[in-house]
Amino acid sequence: MSSGKVTYERRGRTALVTLNRPEVRNAIDPEMDAELALLWAEFRDDEGADVAVLTGAGDVFCSGADRDTWFGQWIGAGAPEVRRHAEGVGFGGLTRGIDGLDKPVIAAINGWVLGGALELALACDIRIASTRAMFGLPLVRFGFHTGDGGLARLGAICGIGVALDLALTAEPIDAGRALACNLVTRLSEPGDLLADAFALAERVVSNDQDAVRSVKRTAHALVGRPLEEQLFREAIAGYSVGPAVDFATAEEA
């Protein structure tokens, strides 16, 4: 049963997922984390939705993990518990990806996005931010660092220099700098953010969805592979748009 800490609604063929704890700046506690995972699975299986927009209620996207409830579960945790989390779906049910979630997700970032919230935004496919948005990884101040894709995705999206700058200094950056370093690809005035995110979603929805989902699957499959393998996989996927490609079979052919 939904706790109301996250809401899911469909507007046309776009699903709106809203982090809904404005009283604590949409901080994610274990219950909200589990609910998010269920909602991403719902989006994956929703035949009426092609794209999702993720945002936060109020004027903050998300302040990250709820320090009062999230970190207590890891105090004294042993290797088996850590390994189970590492092999799971990750923070917010998205940072490791929901199995089969090949539909695009757009982050509409309204205000502060800190720590695990930045990891959540980085796991989205497109990030559009309010001109008032602020981004940060303050975790080293508290004796730990990202564990759900922050370093990996920041390095891949913005470069290792930007990733280390944010993670080591713990200093936030504004929307203008986020745009300059490719952390976000579009900016919007605060009052227009959600409308602009939906307009962007509609552009994606208007395209052939087999091709859209192939683009997402293929782009993620290419990261970190040698160039020749990237070119091979892109060619196989690009010339056989449709169901997911079995690359192992293609390589044997």
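The values are calculated or read from the model by the stated rules, or taken from the named source; none is laboratory data. Please read these numbers as outputs of a predicted model, since none were measured by experiment. Virtual Cβ from ideal backbone geometry, glycine too; neighbours counted across all protein chains shown.
Just a few scattered comments:
- Flag for residue 35 being at pLDDT below 95 and in contact with a strand residue (DSSP E or B) (Cβ under 6 Å, 6 or more places away or on another chain): yes
- For the stretch 123-161, filtering for residues that are under 20 Å from residue 111 (Cα atoms), over 17 Å from the mean Cα position of the chain (by Cα) and either surrounded by fewer than 20 Cβ atoms within 10 Å (Cβ to Cβ) or not assigned by TED's automatic domain parsing to the domain that holds residue 96 (or both) leaves 3.
- Answer residue from the stretch 29-40, given it is among the aliphatic types (A, V, I, L, M) and more than 14 Å from the chain's Cα centre (by Cα) and is surrounded by the most Cβ atoms within 10 Å (Cβ to Cβ) among those: 32
- Selection status of residue 24, buried (at least 21 other Cβ atoms within 10 Å of the Cβ) and modelled with pLDDT of 90 or more: no
- Any hit, the stretch 92-110, residues being modelled with pLDDT of 95 or more, touching a helix residue (DSSP H, G or I) at 6+ places or on another chain (Cβ under 6 Å) and closer than 20 Å to residue 142 by Cβ: no
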